[in-house]
Each structure stands twice: as structure tokens, then as C-alpha cells.
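Worksheet for the structure shown next.
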Amino acid sequence: MIKLKKEIEEIIKNLGDISKSVEDKNVLVTGGAGFLGSWICEVLVEQGAKVICLDNLVSGLNSNISAMMDKDNFKFIQHDVTQPIFFDEQIEVVMHLASRASPFEFEKYPIQILKANTLGIWVALGIAKKHEAKFLYTSTSEIYGDAKEIPTTEEYRGNVNPVGPRSCYDEAKRCGESYVIAYKLQHGMDTRIARIFNTYGPRMRAEGVYGRVVPRFIEQALSNKPITIFGDGSQTRSFCYVTDQVEGLLKLAFSERAKGEVVNIGSDNEITILELAKLVNELTNSSSEMEFHPLPKDDPMRRKPDISKAKEILSWKPKVELKDGLLKLINWFKEKESGKLGK
Ligand code: UDP
């Protein structure tokens with residue numbers, strides 16, 4: 001059985017000294033019921049922070065936070081962060097994660113995505129400014145677009161189509177970064193920007209508009225359905241297991257050395273989508289066939305971060321091998337299917 005509690009303990013162990021600076025801090029997490037948001041809330045709650053989780057729950061993610069609901073140091077507020085909200089208690093850290101992030105959602109909910117990363121970040125920055133709080137923004141590798149510099153450093157300025165199907169996400173996140181820099185310049189705020197590369201792990205969904213490639217392939221392989229490869233599968237991604245990602249994000253949010261920085265957080269282990277499909281098939285002992293579909297417009301051909309900066313300033317690097325992480329997620333999906341999911 002894959003115990004998420006054990007994974008949370010592992011993250012806390014790897015956070016080392018950072019754990020001490022988290023204890024008793026009042027932390028606001030927007031999008032706190034989402035995939036990464038809920039992992040972050042859970043680690044913070046375990047470490048003794050006082051967590052306020054804000055989420056509009058439009059994606060129906062209540063189950064991600066249900067186990068925290070009865071904790072004294074966890075407060076959930078159902079609220080859309082694009083609308084103003086005021087807090088009586090002092091807030092010391094704001095982490096802005098609220099946003100849909102799946103390419104299928106770019107087509108269906110482009111306006112919500114734009115609002116979460118423009119109006120939403122404006123509200124979140126306003127809260128941080130009023131409370132003189134540290135601010136972490138979860139930006140994305142998508143701000144680089146179809147990058148021509150591989151591995152991609154934080155200096156690379158991007159190759160983005162402003163009117164393409166991914167524009168609502170790419171340009172909104174670029175605008176979000178610009179907001180952060182504006183508040184840092186004009187108000188001298190303590191800000192940090194994470195550029196998150198492809199991440200996978202328990203609590204990701206395979207179905208409908210939420211499905212990203214890893215959970216989709218696992219779900220397809222486990223049910224011996226065809227594995228849907230977009231294009232010829234020669235496009236690449238570099239997949240980071242969720243515990244590594246969450247450790248990186250928390251180190252970036254809390255470490256003194258990270259003040260004002262923009263940092264890539266992800267794995268630099270690049271793999272083609274076809275290789276990923278074959279690996280998932282092998283690890284699940286599946287008899288699924290490969291089924292080729294047209295490549296979506298503007299789908300980036302290669303994605304691999306340069307993570308030297310994260311290694312240097314955060315003393316962080318991803319530790320979970322792709323094969324091991326996939327096996328964990330495969331087990332999690334099997335347990336979910338059989339209704340035996342452990343905490
Ligand atoms: N992909 C695929 N089959 C699927 C879903 C995705 O081949 O069923 C491809 C997609 O075209 C992209 C890569 O897998 O090249 C990663 O897709 P994902 O949706 O995880 O997000 P992205 O990295 O594009 O933001």
C-alpha cells in the first residue's frame with residue numbers, strides 16, 4: 001500500500017533546517033485543494049504551520065483536503081481568489097498556486113486560467129503586501145513556450161505564441177511573473193518565483209479535461225485500453241515526482257537565500273513520450289496497443305530544465321527515479337480503483 005503520510009514524512013526529513021522556519025508560521029495557500037496545493041498544505045500542517053487553504057473547488061477536489069479538515073492548524077475557505085478577501089489574523093507567507101494547469105483545460109476554461117494568474121495574483125499580492133508577507137508564485141516551464149534552448153535556464157526569454165491555444169496559460173503565467181516583479185520593485189516585497197516543470201504523483205487525475213500524460217497512460221495501461229500518443233511520440237518531457245517538487249517549492253518559499261529569485265523546479269531526466277508509453281506498459285504488464293493521434297497545435301517539442309540554480313541556492317535536487325515514481329503512482333491508481341486507498 002502506498003502511504004501518503006510516509007511520503008509527507010520523507011519530504012519533511014529532506015527539508016532539514018527549513019522545517020524550523022515553517023513551525024507556527026501563518027501560511028495562506030491559494031489553490032490549496034489542488035494536486036500540488038494539497039500536498040503543500042499537508043506538509044505545512046504536519047510541520048506545525050497554521051495553514052489557511054483557499055480554493056474555489058470548481059474542479060471538485062474536496063477529497064484532497066478531507067483528512068486535514070479536523071486539524072486545529074488547518075482552515076479551509078471556499079473562495080475564488082479573483083475576488084477580494086480580507087484576513088484578521090496576521091499572514092506571514094502567501095503561496096499562490098490557484099490555476100488550472102492541464103492542456104485540455106486550456107481549451108475549455110481559458111478565461112478562468114487568465115483570471116487566476118492576473119486578477120487572482122493581484123488579490124494574492126495585495127494580501128501579501130498588507131501583511132508584509134513573503135510571496136511565492138508557482139509559475140511554469142510553459143512561460144518558455146516551445147523552448148529553443150535545451151536545457152532551459154532561467155535566463156531564457158521564451159518562444160511563445162501569444163494567440164495560440166496555449167496562450168491563456170503561457171501568457172497568463174508570464175503576466176503573473178510580471179505582477180510579482182512589479183510588486184517587488186514598487187513595494188520592496190519579498191517574492192520568489194518557481195517555474196514548475198512536468199510533475200506527477202498521487203492525487204493527479206486521469207479523467208477528462210484534468211488528464212495529463214502520466215496518469216492518462218497509467219489508467220489506459222491498467223485497463224488494457226490503447227495508449228493515446230499525440231504526434232509520433234518524439235516530443236520530450238522531464239518528469240519530476242511530487243515529493244521532490246514539493247520539497248523544492250517549500251525550500252524556495254522559506255529559504256533566506258531564495259529571496260527575490262526565479263528558479264526552475266523539476267527533473268532534468270528527459271524522455272520521449274513514446275519511451276514513456278513503453279515504460280508504463282512494461283511496468284504495468286499491460287497488453288495495451290499504441291494508438292497515434294494528431295499532435296496538438298503548439299505542443300512543445302522538447303522540455304528539460306537546467307536546474308543548476310536550484311541545486312546551488314536551495315541545495316535541492318530531484319531524488320526519485322522515474323521508474324520508482326511511476327511504480328508508486330501505478331500502485332496508487334490500483335488502490336484507488338480497488339477502493340483501498342491508505343492515508
Ligand atoms: N500526450 C500524449 N498523449 C496523451 C496526453 C498527452 O501523447 O494522452 C502528450 C502531449 O501531447 C505532450 C506530452 O504528452 O506532448 C505532455 O502532455 P501533458 O498533457 O502532460 O502536458 P504538457 O507537458 O504538454 O503541458
Residue within segment 185-193 that is of a type in the set (Ser, Thr, Tyr), touching a residue at least 40 places away in the same chain (Cβ under 8 Å) and in a helix (DSSP H, G or I) present: no
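Quick check on ASP24: is it surrounded by fewer than 24 Cβ atoms within 10 Å (Cβ to Cβ), in contact with a strand residue (DSSP E or B) (Cβ under 9 Å, 6 or more places away or on another chain), among the acidic types (Asp, Glu) and closer than 21 Å to GLU256 by Cβ?
Numbers: surrounded by fewer than 24 Cβ atoms within 10 Å (Cβ to Cβ): yes; in contact with a strand residue (DSSP E or B) (Cβ under 9 Å, 6 or more places away or on another chain): yes; among the acidic types (Asp, Glu): yes; closer than 21 Å to GLU256 by Cβ: yes.
So ASP24 passes the test.
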Pairs where the first residue, in segment 263-282, is within 20 Å of THR228 (Cα to Cα) and the second is in a helix (DSSP H, G or I) and within 15 Å of the ligand (Cβ to nearest atom), C-beta under 6 Å, 6+ apart: ALA277/PHE217; VAL280/PHE217; VAL280/ILE218; VAL280/ALA221; ASN281/ALA221
Flag if ALA310 is surrounded by 18 or more Cβ atoms within 10 Å (Cβ to Cβ), closer than 23 Å to ALA194 by Cα and in contact with a strand residue (DSSP E or B) (Cβ under 6 Å, 6 or more places away or on another chain): yes
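Looking at segment 95-164, what helices (runs of 4 or more DSSP H) fall wholly within it and have at least 1 residues that are touching a residue at least 40 places away in the same chain (Cβ under 8 Å) and touching a His at 6+ places or on another chain (Cβ under 8 Å)?
Working: elements: 103-108, 110-116, 119-131.
It comes to 119-131.
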Any hit, segment 173-181, residues being in contact (Cβ under 8 Å) with a residue 12 or more places away in the chain, more than 22 Å from GLY37 (Cβ to Cβ) and small (Gly, Ala, Ser): no
All positions within segment 263-309 that are closer than 27 Å to LYS148 by Cβ, away from the ligand (no atom under 11 Å from the Cβ) and of a type in the set (D, E, K, R): ASP268, GLU270, GLU275, LYS304, ASP306, LYS309
Residues (surrounded by fewer than 23 Cβ atoms within 10 Å (Cβ to Cβ), of a type in the set (Lys, Arg) and more than 9 Å from the ligand (Cβ to nearest atom)) located in segment 193-247: ARG203, ARG205, LYS225
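Only one of these is within 16 Å of the ligand (Cβ to nearest atom), buried (at least 20 other Cβ atoms within 10 Å of the Cβ), β-branched (Val, Ile, Thr) and under 24 Å from GLN245 (Cβ atoms): ILE65, ILE113, ILE40. Name it.
Working: ILE65 fails: within 16 Å of the ligand (Cβ to nearest atom); ILE40 fails: within 16 Å of the ligand (Cβ to nearest atom).
Just one listed residue meets the conditions, ILE113.
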For ILE77: the one exception among (1) crowded, with 16+ Cβ neighbours inside 10 Å; (2) more than 25 Å from GLU177 (Cβ to Cβ); (3) hydrophobic (A, V, I, L, M, F, W, C): (1)
Every pair of residues 6+ apart whose Cβ atoms lie under 8 Å, when the first sits in segment 53-82 and is on the phi < 0 side of the Ramachandran plot while the second is of a type in the set (Lys, Arg): CYS53/LYS75; SER59/ARG100; ASN64/ARG203; ALA67/LYS343; ASN73/LYS50; LYS75/LYS50; THR82/LYS115
Residue within segment 277-287 that is modelled with pLDDT under 95, surrounded by fewer than 20 Cβ atoms within 10 Å (Cβ to Cβ) and at negative phi present: yes
Single unsatisfied condition, ILE229 versus (1) part of a loop (DSSP other than H, G, I, E, B); (2) farther than 27 Å from VAL58 by Cα: (1)
Of all residues in segment 248-268 being of a type in the set (D, E, K, R) and surrounded by fewer than 23 Cβ atoms within 10 Å (Cβ to Cβ), the one that is nearest to GLY325 (Cα to Cα): ASP268
Residue match in segment 279-301 (condition: part of a loop (DSSP other than H, G, I, E, B) and under 20 Å from the mean Cα position of the chain (by Cα)): yes
Residues (among the charged types (D, E, K, R) and either modelled with pLDDT under 90 or on the phi > 0 side of the Ramachandran plot (or both)) located in segment 4-22: ASP17, LYS20
All positions within segment 302-343 that are of a type in the set (D, E, K, R), in a helix (DSSP H, G or I), farther than 30 Å from GLY231 by Cβ and within 20 Å of the chain's Cα centre (by Cα): LYS309, LYS311
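The values are calculated or read from the model by the stated rules, or taken from the named source; none is laboratory data. This structure is a prediction, so every number in the text was calculated from the model and none was measured. Cβ atoms come from the backbone with ideal geometry, glycine included; neighbour counts cover every protein chain shown.
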